[in-house]
Amino acid sequence: MNDRPPEAPLQGDADGSPANGSALRPTRGRVRLARFHPRILDTLKDYDRQRFTADLIAGLTVGVIALPLAMAFAIASGVKPEQGIFTAIVAGFIISAFGGS
């Protein structure tokens, strides 16, 4: 019989997410998945509508810079420019939905 006490699980934030932000973390020798929660839901819930014009201008500015840059990287890597545009648009949606600032 083993006299050592069992290992305590790693502690995370109050909402159950890991303290270090990773999606996987060990708990008593097993891997446990953190609850899936896109950050965009919190942002939309508390969004101040007076900031919409400024946010729209910021988004358009990023688009004006990011789309030609994505096309240039696509051409430099030997693929079609359309693939660079698609990658920039999809990456932008994924980052805005799941990323933090």
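The values are calculated or read from the model by the stated rules, or taken from the named source; none is laboratory data. As the structure is a prediction and not an experimental result, all values here were calculated from the model. Cβ atoms come from the backbone with ideal geometry, glycine included; neighbour counts cover every protein chain shown. Note: accessible area is taken over every heavy atom of the protein model, side chains too, but ligands, DNA and RNA are not part of it. Shrake-Rupley method; radii C 1.70, N 1.55, O 1.52, S 1.80 Å.
Tabulated data for the structure shown
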{"item": "Wholly within the chain, helices (runs of 4 or more DSSP H) carrying at least 2 residues that are at pLDDT 90 or above and open to solvent by 70 Å² or more (accessible area, probe 1.4 Å)", "result": "52-77, 81-98"}
{"item": "Filter result (within 23 Å of residue 39 (Cβ to Cβ) and touching a Pro at 6+ places or on another chain (Cβ under 9 Å)) within the stretch 71-101", "result": "97, 98"}
{"item": "Close pairs from the stretch 26-51: first of a type in the set (Gly, Ala, Ser), partner at pLDDT below 65 and open to solvent by 80 Å² or more (accessible area, probe 1.4 Å), Cβ under 9 Å, at least 6 apart", "result": "29/7; 34/24"}
